[in-house]
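Visitor: Mind looking over this structure? Questions follow.
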Amino acid sequence: MLCPMTKWTVNDIPQQNDRTYVVTGANSGLGLETARALAAKGAHVIMACRDLDRGRAAQARIQGGRTEVRRLDLADLESVREFAAAVESVDVLVNNAGIMMPPLRRTAQGFELQFGTNHLGHFALTGLLLDRLSAGDAPRVVTVTSSLHRTGSIRFDDLNAEKSYSPIGHYAQSKFANVLFGLELDRRLRKAGSPVLSLLAHPGYAATNLQSSGPVKLIALLGKPANLLLAQPAAHGAVPQLYAAAGSGAESGRFYGPSGFQEMRGRHPKEVRPVRAATDPDVAGRLWAVSEELTGVRFP
Ligand SMILES: NC(=O)c1ccc[n+]([C@@H]2O[C@H](COP(=O)([O-])OP(=O)(O)OC[C@H]3O[C@@H](n4cnc5c(N)ncnc54)[C@H](OP(=O)(O)O)[C@@H]3O)[C@@H](O)[C@H]2O)c1
């Protein structure tokens, strides 16, 4: 019998021996826990990391399984193209990597860093891998967002933060874009009769490097003690994205988060709702068109 979602744990992931996963940002936090859990079930996991040394150090912490580390810098579309071109086959793509609240910085192509990394890099990667995903076995794309998407919106008149920049506001924008993208991808795949599923997940609040490695100084300073006091372990935070990636009952166009208090924590996944504004197909269509234009990646 299938395990009900409210009791689901990583132990319920079926054996994954013939399946290949690409996990972005797999050297740290939720990405590392995702790679670890999938490898434990026999999956071939391509750990897509921007720094090969950090990737290999993380790989050494994973027991067994078939993992390999490959270079992917989502803040450089050249790197995204190189990485995607070298992927022979893939069944599931987990768009996990992210950066939170840095001071104003730009990607190699000059986009605001959070929008460029968290959204545009994953948008391009998904489009470039879609032919191989379509040929995959029960293929899925999982996009990791945040409950902070609720405060986001897309500033179409200042996408590149030329007029103003707020570290938290632009993080929320990038995570709002993740939700618009995941839902629009589902609509387009269903319309095209594609076998690929598109799912969303958020981890609640999990203790990772996110709160200390990228953010502006004040947030980074508060990040460590706040993590110690309030955050759940990264392994628990990874459960919703693992359910979306490998849970037998997970469905396309659905959004999964932790089942505990205020969706902030929990050992089991549950279906959660995106903020209403992120379900607007017109806004999603507009973001899609802009993203194709900015990245030069057109979905087949
Ligand atoms: N932790 C939370 O409470 C929380 C809450 C809501 C949402 N999330 C989301 O969860 C996801 C994973 O974050 P995390 O909490 O696990 O944080 P983390 O420990 O900092 O991991 C983030 C990963 O993304 C990678 N990354 C950053 N920029 C990249 C780039 N340009 N190219 C490729 N990889 C890049 C990092 O690589 P380096 O190690 O080289 O920096 C790292 O592997 C993110 O999308 C985040 O927005 C987390």
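Visitor: If you keep only loop residues by DSSP, which trypsin sites (Lys or Arg not before Pro) in the range 123-204 have at most 14 other Cβ atoms within 10 Å of their Cβ?
Guide: Sparse-neighbourhood loop trypsin sites (Lys or Arg not before Pro): Lys163.
Visitor: Tell me what the chain gives for mean residue ellipticity at 222 nm when only DSSP H runs of n ≥ 4 count, each as -39,500 (n - 2.57), the sum divided by the residue total, rounded to 500 deg cm²/dmol.
Guide: It comes out at -11500 deg cm²/dmol, rounded to the nearest 500.
Visitor: Right, here's the next one. Of the candidates Asn95, Asn27, Asn209, which one comes out as most mobile in a Gaussian network treatment of the chain with C-alpha springs shorter than 10 Å?
Guide: Most flexible of the set in this elastic network: Asn209.
Visitor: Tell me the label-point distance for the pair Gln109, Ala138, using the 7 Å Cα-to-Cβ offset, in nm and rounded to one decimal.
Guide: Output for this residue pair reads 3.4 nm.
Visitor: While we're looking at this one, here's another question. Where in the range 39-78 are there trypsin sites (Lys or Arg not before Pro) that are in a DSSP coil and have at most 11 other Cβ atoms within 10 angstrom of their Cβ?
Guide: Arg61
Visitor: When the chain is modelled as a GNM with alpha-carbon springs shorter than 10 Å, which of Val239, Val80, Val290 fluctuates the most?
Guide: It is Val290.
Visitor: Shifting gears a bit: Each label point is 7 Å from the Cα along the Cα-to-Cβ direction; what then is the distance between the points at Arg81 and Asn11, in nm?
Guide: A separation of 4.8 nm, rounded to one decimal place.
Visitor: Just to verify a number: FRET efficiency for Arg54 and Asp18, C-beta to C-beta distance, R0 = 30 Å, to 0.05?
Guide: It comes out at approximately 0.55.
Visitor: For the chain, set up a GNM with springs between Cα atoms under 10 Å and report which of Phe115, Phe83, Phe181 has the largest fluctuation.
Guide: Phe83
Visitor: What longest range of the chain stays clear of loop-exposed GluC sites (Glu not before Pro) (DSSP non-H/G/I/E/B, at most 10 other C-beta within 10 angstrom)?
Guide: Free of exposed loop sites, the longest segment is 163-300.
Visitor: Next up: Give me a comma-separated list of calculated 3J(HN,Hα) values for the range 106-115, in order, Karplus coefficients 6.51, -1.76, 1.60 applied at θ = phi - 60°, integers in Hz, x for any Gly or Pro.
Guide: Couplings: 10, 6, 4, 8, x, 8, 3, 4, 6, 5 Hz.
Visitor: May I ask you to compute the full-extension gain from Asp282 to Asn209, defined as 0.36 nm times their residue separation minus their alpha-carbon distance, rounded to one decimal in nm?
Guide: Working it through step by step, the gained length comes to 22.8 nm.
Visitor: Would you mind classifying the range 168-300 by shape? Square roots of the alpha carbon gyration tensor eigenvalues, ordered a ≥ b ≥ c; an a/c under 1.5 is rounded, otherwise it is prolate if a/b is larger than b/c and oblate if not.
Guide: Judged from the Cα gyration tensor, the range 168-300 comes out oblate (a/c at least 1.5, b/c at or above a/b).
Visitor: Between Glu251 and Arg273, what is the spin-label point distance in nm, taking each point 7 Å from the Cα along the Cα→C-beta axis?
Guide: Computed distance between label sites Glu251 and Arg273 equals 1.6 nm.
Bear in mind these aren't lab numbers, they're just calculated from the coordinates by the rules spelled out. These figures come from a predicted structure and were not determined experimentally. All Cβ positions, even for glycine, are placed from backbone atoms using ideal geometry, and neighbour counts span all protein chains on display.
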